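*Asks:* My questions all concern the structure below.
The values are calculated or read from the model by the stated rules, or taken from the named source; none is laboratory data. Remember, it's a predicted structure, so these values are computed and weren't measured experimentally. Cβ: placed from backbone, ideal geometry, glycine included. Neighbour counts: every protein chain shown. Surface accessibility is based on the protein's heavy atoms, side chains included, excluding ligands, DNA and RNA. Shrake-Rupley method; radii C 1.70, N 1.55, O 1.52, S 1.80 Å.
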Amino acid sequence: MAITKIRNQFPILDTKVYGKPLVYLDNAATAQRPQAVTDCWVGLVNEANSNIHRAVHHLAAQATEAYEGARDRVRTFINAGAREEIIFTSGATASINLVASSYGQVFVNEGDELIVSVCEHHSNIVPWQLLCQHKGAVLKVLETEEDGRLSPERLRALLSPRTKMVAITHISNVLGVVNPVKELVSVSHAAGVPVLVDGAQGIVHEKVDVQDLDCDFYAFSGHKIYAATGTGVLYGKRKWLDTMPPYMGGGEMIETVSFNGTTYAPLPMKFEAGTQNFNSAPTLVPALDFAEAVREEKEVQEEQEAILDYLCTQLLQDSRIVLYGSAREYKIPLFSFAVKGVHHEDLALILDKIGVAVRSGQMCAEPLMNHLGVTGLLRASFAPYNTLEEAKYFVASLDKAIEMLL
């Protein structure tokens, strides 16, 4: 079966936790890696470990080819218009900080406005707050609808002639709800405002076409889509990247340097100062190959739909549980919920002893938690290597944990 073959590519799934088979349901935080990704990384370390771009020797040429090949693979995966629009970073956080700092330096002034949504990860809030503090700008917050989605109509009402950026998540890492990004971008552009999309979850669960979305920036992390940690991508429309100043100075991002002044390298090098993560960035190739392949597997898609239906039904019909982000037609297999009278961390600790790995706490989304009126939640997030059998084991284990604590 396709799912069995997929699971066989992930050695860590054979792990035992306290004598129980591991059921890994913390995929929204970090996905596990297929053997092809590990082999890619080890092969580069053992056979092509050398600084890229600079030297002319054989190892440097191999490392450079692998690194730049990953850029080409990312470009095709998200359908960017040109490879120069793909900037490698250390993750979505670094990508968003790059835009906030570099774009903000040129285009944001005192009294200007920036819009983020209430359901953003801290990484898509704090960089804009820092920019506002530095420039004297104002941060405005877009609320969600009752089903957890962001509304183009609400956004339209929030936009003003002073708005300089809209920064929104493709899929909330807490609510698991897919936002109507294309419509949100269209509304923003009608007001002359660019849009940055935090795609940390979106890149995993949606087929992303940045030209179709027409977003100005799209940021994501490699480790959430099966690649090595410390890898990330910023897609930016060339018209913005050309006018934005470098985020960092140093080697590689320069054309000429003198004490009378410095000129900068063309895109994408202008934004890739210093020694890059050349052993890890190429792991995006097998990672994205895997992600693309599983999207085409009918059995995998049917299993994911079955998991989604099963857990929505089970969690919503349990009177002890409050599920957040329950709009089934827009939802990915990610479930954040509270159990009445039980602390989320206590549940997570008991589930761990039964072999189930879940996330508890604020999920780096404290403003959303405050908005929901909770101190934290329990989150179970599924990947293509998870099965309906694991979902059923999770529900049975959760029931056991709740009974122990009530």
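*Asks:* With all distinct Cα pairs included, what does the Kirkwood hydrodynamic radius of the stretch 66-113 come out to in Å, to one decimal, could you say?
*Replies:* In the stretch 66-113 this quantity evaluates to 12.5 Å.
*Asks:* Taking N as the number of residues in the stretch 145-272, what is its alpha-carbon radius of gyration divided by 2.2 N^0.38 Å?
*Replies:* Relative to the 2.2 N^0.38 Å estimate, the stretch 145-272 comes out at 1.23.
*Asks:* Among (1) 1.01; (2) 1.30; (3) 0.97, which one is Cα Rg over 2.2 N^0.38 Å computed from these coordinates?
*Replies:* Given (1) 1.01; (2) 1.30; (3) 0.97, the calculated one carries the label (1).
*Asks:* Charges only on Cβ, +1 for Lys and Arg, -1 for Asp and Glu: so what's the dipole of the stretch 267-399 about the Cα centre, in debye to the nearest 20?
*Replies:* 500 debye
*Asks:* Output the 0 to 90 degree angle, nearest 10, between the alpha-carbon long axis of helix 35-47 and the longest principal axis computed from the alpha carbons of the chain.
*Replies:* 40 degrees
*Asks:* Just to verify a number: FRET efficiency for Lys16 and Lys239, C-beta to C-beta distance, R0 = 60 Å, to 0.05?
*Replies:* 0.70
*Asks:* For the stretch 319-364, what size does the Cα cloud have along each of its three principal axes, sorted from largest down, in whole Å?
*Replies:* Here the spans come out as 33, 22, 22 Å, largest first.
*Asks:* Of Pro282, Tyr264, Gly373, which is farthest towards the positive pole of the stretch 255-406's charge dipole, taken about the Cα centre with +1 and -1 on the beta-carbons of Lys, Arg and Asp, Glu respectively?
*Replies:* It is Gly373.
*Asks:* If you take every DSSP beta bridge whose two residues both sit in the chain, what share of them, in percent to the nearest 5, is antiparallel?
*Replies:* Among the beta bridges of the chain, antiparallel pairing accounts for roughly 60 percent.
*Asks:* In Å, the Kirkwood hydrodynamic radius of the stretch 1-70 over pairs of distinct alpha carbons?
*Replies:* Here the Kirkwood hydrodynamic radius works out to 14.7 Å.
*Asks:* For the stretch 207-332, count the residues as N, evaluate 2.2 N^0.38 Å, and divide the Cα radius of gyration by that value, please.
*Replies:* Its radius of gyration relative to the 2.2 N^0.38 Å reference: 1.53.
*Asks:* Where the only charges are on Cβ atoms (+1 Lys, Arg; -1 Asp, Glu), what is the dipole of the stretch 204-289 about its Cα centre, to the nearest 20 debye?
*Replies:* For the stretch 204-289, the charge dipole is close to 140 debye.
*Asks:* Right, here's the next one. Please give the calculated 222 nm ellipticity per residue for the chain, where each DSSP H segment of at least 4 residues contributes -39500 (n - 2.57) and the sum is spread over every residue; nearest 500 deg cm²/dmol?
*Replies:* Result for the chain: -12000 deg cm²/dmol, rounded to the nearest 500.
*Asks:* At 0.692 mPa s and 37 °C, plugging the Kirkwood radius over alpha-carbon pairs of the stretch 243-312 into Stokes-Einstein gives what diffusion coefficient in µm²/s?
*Replies:* It comes out at roughly 206 µm²/s.
*Asks:* By how many nm would the segment from Ile254 to His57 grow when fully extended, if each residue of separation counts as 0.36 nm and the alpha-carbon distance is taken off?
*Replies:* Result: 68.8 nm gained on full extension.
*Asks:* Right, here's the next one. Could you identify which residue out of Lys164, Lys298, Lys392 has the top mean-square fluctuation in a GNM of the chain using Cα springs shorter than 10 Å?
*Replies:* With Cα springs under 10 Å in the chain, the top fluctuation among Lys164, Lys298, Lys392 is at Lys298.
*Asks:* Okay, next question. Quickly rank 116-125, 182-191, 8-17 as a protection proxy: mean count of other C-beta atoms within 10 Å, highest first.
*Replies:* Ranking the peptides 116-125, 182-191, 8-17 by packing returns 116-125, 182-191, 8-17.
*Asks:* For the stretch 1-147, what is the accessible area per residue in Å² when the probe is 1.4 Å?
*Replies:* Solvent-accessible surface per residue comes out at 46 Å².
*Asks:* Nearest 5 is fine: what % of DSSP beta bridges in the stretch 181-240 come out antiparallel, could you say?
*Replies:* Counting only bridges with both partners in the stretch 181-240, antiparallel ones make up about 60 percent.
*Asks:* How large a share of the accessible area of the stretch 299-406, in percent, is made up of carbon and sulfur atoms when the probe is 1.4 Å and the other protein chains stay in place?
*Replies:* Roughly 51 percent of what the probe reaches on the stretch 299-406 is carbon or sulfur.
*Asks:* May I ask you to list the lysines whose Cα is less than 29 Å away from that of Lys239, ignoring any residue fewer than eight positions away on the same chain?
*Replies:* Lys135, Lys140, Lys164, Lys182, Lys207, Lys224, Lys270
*Asks:* Right, here's the next one. Could you tell me the relative contact order of the stretch 252-379? Use alpha-carbon pairs under 8 Å, at least six residues apart, and round to a whole percent.
*Replies:* 14 percent
*Asks:* Tell me, what is the percent relative contact order of the stretch 20-113, built from C-alpha pairs under 8 Å that lie six or more residues apart?
*Replies:* So the answer I get is 11 percent.
*Asks:* In addition: Taking only C-alpha pairs under 8 Å that are 6+ residues apart, what is the relative contact order of the chain in percent?
*Replies:* 23 percent
*Asks:* Sticking with this one: Of Gly274, Gly148, Gly361, which has the largest mean-square fluctuation in a 10 Å C-alpha GNM of the chain?
*Replies:* Gly274
*Asks:* Turning to a different aspect of this structure: Take the alpha-carbon centre of the stretch 207-268, take the same for the stretch 283-349, and report the distance between them in whole Å.
*Replies:* Taking the Cα centre of the stretch 283-349 as reference, the centre of the stretch 207-268 is 32 Å away.
*Asks:* Still on this structure, please answer the following. Mind pulling the angle between the C-alpha long axis of helix 388-405 and the longest principal axis of the chain? Nearest 10 degrees, somewhere in 0 to 90.
*Replies:* Taking Cα atoms only, the helix is inclined about 70 degrees.
*Asks:* For the stretch 103-198, which semi-axes, largest first and in whole Å, follow from the square roots of 5 times the eigenvalues of its Cα gyration tensor?
*Replies:* In descending order, the three semi-axes are 21, 15, 10 Å.
*Asks:* Among Ile115, Tyr385, Ile12, which residue has its Cα furthest toward the positive end of the charge dipole of the chain, with +1 on Lys/Arg Cβ and -1 on Asp/Glu Cβ?
*Replies:* Most positive-ward Cα: Ile115.
*Asks:* Just the number: Rg to Rh for the stretch 231-273, Cα atoms, Kirkwood Rh, two decimals.
*Replies:* 0.99
*Asks:* Rg/Rh for the stretch 1-148: what does it come to with C-alpha atoms and Rh from Kirkwood?
*Replies:* Dividing the radius of gyration by the Kirkwood radius yields 1.08.
*Asks:* Shifting gears a bit: In debye, nearest 20: dipole of the chain around its Cα centre with unit charges on the Cβ of K, R (+) and D, E (-)?
*Replies:* With only Lys, Arg, Asp and Glu charged at Cβ, the dipole is about 460 debye.
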